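Read the structure below first, then the notes.
The values are calculated or read from the model by the stated rules, or taken from the named source; none is laboratory data. Because the structure is predicted, anything quoted here is derived from the model rather than measured. Note: ideal-geometry Cβ built from the backbone for every residue, glycine included; neighbour counts use all protein chains shown.
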């Protein structure tokens, strides 16, 4: 089929160099293999790896503070907790503006829940202040109405600050009276230029009214912060009135005159906040907001190892709040105990199975495989039934006279229950790898050792046991990996003392809703499992996993 | 294994003691599963043997827990939900998994070990972590609390088993057979369905059984992802065990044990068939 050119190049039947043809065939083969794998790979990446990535992301994600209190976070940038004093008036003003929006959207309670994880008491602080924030700056608003009652009418504000095009569009919409949403408020260029604070504050108000409350800004009196902004704008720029039409000039000038005459008090948000809750007069809540304002935080991970972030750095949590390191430790210790009992119970059985004639061994193997194939819930229910104080085991012990009837053993809802049930559930995972390793150890080695004068024990310990160590290693890692991630069995038979870290993760997802902490705990557990998996892959090779 | 005639008394004692120990361990393995079967026929609402049962008095036995299991909607709905979820999840896992296993078994696959690690990972990652991640991610995309969310999650959990069993069958697959088919004029699709598929069928079916039982027994993920209307049998058992434990649970458990035995027998038959097809003598 092949020919050779003068310079020694091999040619394929179609006259192309053989090497090139082979390369092309190889490329095609690679592509074909890849196309076969691609659908599954994409499926696993989307339905499994992406969720795991999402969990890792959530363990550091912390958008809520920056999203809910953007102005406060920006205003706090210049404040340092080291000063020992609370921040200045602009920060209080910013928080008032942020809170008005958050209260309308009801996001302040979520923020309170989030910050409560870091500083208990924050939730009630934000709830309480959220109720009071509407009234802050009320004296300014009232003084403004005293100057001219027209300021009490919602349309005054839309007409003063709205873009003429928006005003006519809004009027058309109101006339049509249909169900379409109101055209979104647009401030006029003159207002933005001459009354910048007012335009911004009113823009926020109108947006919240239209999107969150589904109300028209033409029908609601604006927040006091808008009135405060107007007085401040006019104080900074008394000639601003000139930029507006003839009917506005006397009204605005009257406000300027009243301000200069002292009829309108200066707004004091700091006093208002401190009145709402004394805590706002101290640096402490501000420290918390500033510490947790970045969009990414290590706070959840620190929490997961019983530490917390403070402005001074990382500090241990108080005694009462330390639970997670203890839980991790308990998970590890109980998993080790379960692995140990699995070795103790699995080794003799595996040895027997490996050394019996094939027919008997296959029959006995069913006794190992049936539990392996039986539903986890079935086995857990069986143990729950058997281990009860009125259950079969206690009945048997009482009948045999080993235990007094009024002194039945407590075998469930404690660590004993977890260890017994999980050993039973995981034992097949120890026996199967041990068995497959022991199958490969020739029995003649043991006989050879004995013929050379070794006692039974020496022959076993010096000759047989070392060869079975890979099986112990494989089985132990498998059992340990499975054990530290167990949730169902500890939940059902573990009681309060026998639960694992997984149960805490489930609790934070389902009950306490602290998803960030659940994600951080899960990430830590995942790291432990992946390290063990890597070790397992090194020792056994994942391709060598055998099932059944 | 048998005791030599020259064994000393100590060796004799140890030989029998060892058998007794192994017997006890086998008893530990099997007894909890076996004991719930007679308990499920208890005429009383107790979780232990009543005196009538111990006397083998027929009055002590009844089928009332089974009657409850097969008529009570609290149990029937979850049973049908499980039967609606598991086959679909199995179908997805088996079709995608078999194709990928064939792709992986070819030589010259780039990044083979990395791909393998990703495909096996659902089996390695603890279920609670998978459930947490899926809960977060599926809520973002609107799959949380839906039938398809549970099906997709169960499918991906079953995939490692399909990959492992099918890859294992493909190791013994003689590649010259596909070449022979191709040389006789069969296209790749025809070769696959007429030559390769029948030979790797035992592995595919075994993988399907694993995927099915994974979905059928799975409780952690469905607890987080499922809507109350998608309650599955293990979920119902879990709530039953946690809140108020009713003896019907023993009837449900016995039904599940029967299913496990059926699956185990099917697998054993398949293993023998696979060995015969590959020209190995059955052991």
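Among the criteria (1) modelled with pLDDT under 90; (2) buried (at least 20 other Cβ atoms within 10 Å of the Cβ), the one residue B:98 does not fulfil is (1). Among the residues of segment B:120-152 satisfying the criterion of being more than 7 Å from chain A (Cβ to nearest Cβ) and closer than 16 Å to residue B:81 by Cα, which is surrounded by the most Cβ atoms within 10 Å (Cβ to Cβ)? So the residue we want is B:150. In segment A:387-406, the residues that are facing another protein chain (nearest Cβ under 10 Å) reach residues that are surrounded by fewer than 16 Cβ atoms within 10 Å (Cβ to Cβ) and outside any helix (DSSP H, G or I) with C-beta atoms within less than 7 angstrom, at least six apart or across chains, in these pairs: A:394/A:409. Within segment A:377-433, the only residue that satisfies the criterion of being on the phi > 0 side of the Ramachandran plot and more than 37 Å from the chain's Cα centre (by Cα) is A:401.
In segment B:219-230, of all residues being buried (at least 20 other Cβ atoms within 10 Å of the Cβ) and more than 9 Å from every other protein chain (Cβ to nearest Cβ), the one that is farthest from residue B:158 (Cα to Cα) corresponds to B:230. Considering (1) facing chain A (nearest Cβ under 8 Å); (2) under 19 Å from the mean Cα position of the chain (by Cα); (3) over 15 Å from residue A:50 (Cα atoms), the lone condition that residue B:103 does not fulfil carries the number (2). Got a sec? Which of A:463, A:531, A:479 is modelled with pLDDT of 90 or more, away from chain B (no Cβ under 11 Å), crowded, with 20+ Cβ neighbours inside 10 Å and assigned to a helix (DSSP H, G or I)? Result: A:479 is the single residue among A:463, A:531, A:479 that is modelled with pLDDT of 90 or more, away from chain B (no Cβ under 11 Å), crowded, with 20+ Cβ neighbours inside 10 Å and assigned to a helix (DSSP H, G or I). Scoring residue A:201 on the criteria (1) in contact with a helix residue (DSSP H, G or I) (Cβ under 6 Å, 6 or more places away or on another chain); (2) part of a helix (DSSP H, G or I); (3) over 22 Å from residue A:78 (Cβ atoms) leaves a single failure, condition (3). Only one entry of A:71, A:93, A:32 meets the criterion of being within 14 Å of chain B (Cβ to nearest Cβ) and surrounded by 12 or more Cβ atoms within 10 Å (Cβ to Cβ), and that entry is A:32.
If you check A:162, A:141, A:128, A:121 for being surrounded by 13 or more Cβ atoms within 10 Å (Cβ to Cβ) and on the phi > 0 side of the Ramachandran plot, only one passes: A:121. Residues of segment B:86-108 that are more than 17 Å from residue A:45 (Cβ to Cβ), touching a helix residue (DSSP H, G or I) at 6+ places or on another chain (Cβ under 7 Å) and without any contact (Cβ under 8 Å) to a residue 24 or more places away in the chain: B:106, B:108.
Is one or more of the residues making up segment B:191-200 at the interface with chain A (Cβ under 9 Å from one of its Cβ atoms), surrounded by fewer than 17 Cβ atoms within 10 Å (Cβ to Cβ) and assigned to a helix (DSSP H, G or I)? No.
In segment A:51-62, the residues that are at the interface with another protein chain (Cβ under 7 Å from one of its Cβ atoms) and at positive phi form no Cβ pair under 9 Å with any partner that is crowded, with 17+ Cβ neighbours inside 10 Å and outside any loop (DSSP other than H, G, I, E, B), whether six or more places apart or across chains. The residues of segment B:34-54 that are facing another protein chain (nearest Cβ under 9 Å), touching a residue at least 12 places away in the same chain (Cβ under 8 Å) and in contact with a helix residue (DSSP H, G or I) (Cβ under 6 Å, 6 or more places away or on another chain), listed by number, are B:36, B:39, B:47.
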